[in-house]
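Shown next, in structure tokens, is the structure this report addresses.
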Amino acid sequence: PTSVSTCSVVMEGAVSKGGKKKKANVDNINVRLALVMKSGKANLGYKTALKSLRQGKAKLVLISSNCPPLRRSEIEYYAMLAKTAVHPYAGNNITLGTACGKMYRTSVVTVTDPGDSDILRSGPEAAA
């Protein structure tokens, strides 16, 4: 049991580099993202993100911190054309996939229907 608690402390330290406020914001966006996955519609992945941006269905795009720069700039360009908000996710692709309730990693999450979540109204300050 002691090794498990040590591991969780190390992971918590890795997520909250900026201090307590950043950790609170990450938790905040994770809760909102979980609500979107439960009550709304979201696409995971780069290809589906580009498809939904091209069709104009995307409302919000979350990009992980370790997304490759070329891929990131392409998504941001498509989002600019589609007039869709893009927010950087504070964690890497593993934590973004986990925040969506999946057991795999994803570098891009596209919210097409927020459902009961207020992720669109309070997105910028929560994702920062």
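The values are calculated or read from the model by the stated rules, or taken from the named source; none is laboratory data. This is a predicted model, so every value here is computed, not measured. Cβ sites come from the backbone with ideal geometry, for glycine too, and all protein chains shown count toward neighbours. The area values use the complete protein model at the heavy-atom level, side chains included, leaving out ligands, DNA and RNA. Shrake-Rupley method; radii C 1.70, N 1.55, O 1.52, S 1.80 Å.
Data for the structure
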quantity	calculated
Accessible-area order (highest first, 1.4 angstrom probe) of the listed residues ARG121, ARG32, ARG105	ARG121, ARG105, ARG32
Radius 12 Å from Cβ of ALA82, net charge of other residues (Lys, Arg +1; Asp, Glu -1)	+4
Probe 1.4 Å, accessible area per residue of segment 38-128, Å²	56 Å²
Spin-label model distance (nm) - ARG54 vs THR112, 7 Å beyond Cα toward Cβ	1.4 nm
Members of LYS23/LYS102; LYS51/LYS102; LYS23/LYS83; LYS23/LYS47 lying beyond 27 Å, as alpha-carbon distances in this model show	LYS23/LYS83; LYS23/LYS47
Fraction of beta bridges assigned by DSSP in segment 49-128 that are antiparallel (%, nearest 5)	50 percent
Estimated inter-spin distance, ILE94 and TYR77, nm [label 7 Å along Cα→Cβ]	3.1 nm
